[in-house]
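Visitor: Quick one: the structure is below, and I'll ask about it shortly.
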Amino acid sequence: MNRTRLILTIIVVFIVANFLGYFVHAIWLRADYMAVTVKDLYRPPGQEKMLWIILGYISFAIGSVLVYARGVEYDKPLIGQGVRFGILMWLILSVPSFFIAYAVQPVPAVLMSKQVLAELGAKIVVGIVTALVYGKGGKIQTVA
């Protein structure tokens with residue numbers, strides 16, 4: 001495991017995951033979150049607890065990159081590994097979180113579906129970025 005490559009990947013994943021989370025939840029789904037039916041379930045804009053969001057993305061970046069680094073397959077294409085890894089992260093993190101929230105909070109099924117599908121796309125992008133930046137743990141890999 002290349003320590004420099006690992007740290008670089010953690011930083012890049014933190015930035016990309018943060019950006020995608022902001023895009024999905026603060027921009028694309030903003031109107032859904034402000035709807036009368038769920039508005040009171042969330043903090044008003046500007047009152048988010050940013051420290052906790054940052055800590056959440058840092059823990060995701062560290063944990064996911066360490067898992068990827070331990071499971072990289074040297075004989076498989078990086079893009080395929082990234083897509084597979086993104087789907088697995090989605091199944092481990094996003095699906096349970098939003099399904100359980102839907103089960104215990106009065107969140108409309110349409111909102112939960114949008115959250116789950118948006119997170120699928122975001123996690124696949126993060127998986128591909130992880131694979132491309134970390135590579136196969138050694139030398140810088142080029143995509144043909």
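Visitor: Applying the selection to region 16-45, what residues are open to solvent by 70 Å² or more (accessible area, probe 1.4 Å) and among the small types (Gly, Ala, Ser)?
Guide: 31
Visitor: For region 109-133, enumerate the residues that are open to solvent by 50 Å² or more (accessible area, probe 1.4 Å) and more than 21 Å from residue 28 (Cα to Cα).
Guide: Correct list: 132 only.
Visitor: Taking the conditions exactly as written (closer than 23 Å to residue 130 by Cα, modelled with pLDDT under 95 and assigned to a helix (DSSP H, G or I)), does residue 31 satisfy them or not?
Guide: In short, no.
Visitor: Among the numbered criteria (1) small (Gly, Ala, Ser); (2) open to solvent by 40 Å² or more (accessible area, probe 1.4 Å); (3) touching a residue at least 60 places away in the same chain (Cβ under 8 Å), which one does residue 59 miss?
Guide: Every condition holds for residue 59 apart from (3).
Visitor: When the residues of region 69-89 are filtered to those that are part of a helix (DSSP H, G or I) and over 16 Å from residue 122 (Cβ atoms), which remaining residue is most open to solvent (accessible area, probe 1.4 Å)?
Guide: The selected residue is 70.
The values are calculated or read from the model by the stated rules, or taken from the named source; none is laboratory data. What you see is a predicted model; the values in this text were computed from it and never measured. Methodologically, a virtual Cβ is constructed for each residue, glycine included, from the backbone with ideal geometry; neighbour enumeration extends over all protein chains shown. Please note that ligands, DNA and RNA were not included when accessible areas were found on the heavy atoms of the full protein model with its side chains. Shrake-Rupley method; radii C 1.70, N 1.55, O 1.52, S 1.80 Å.
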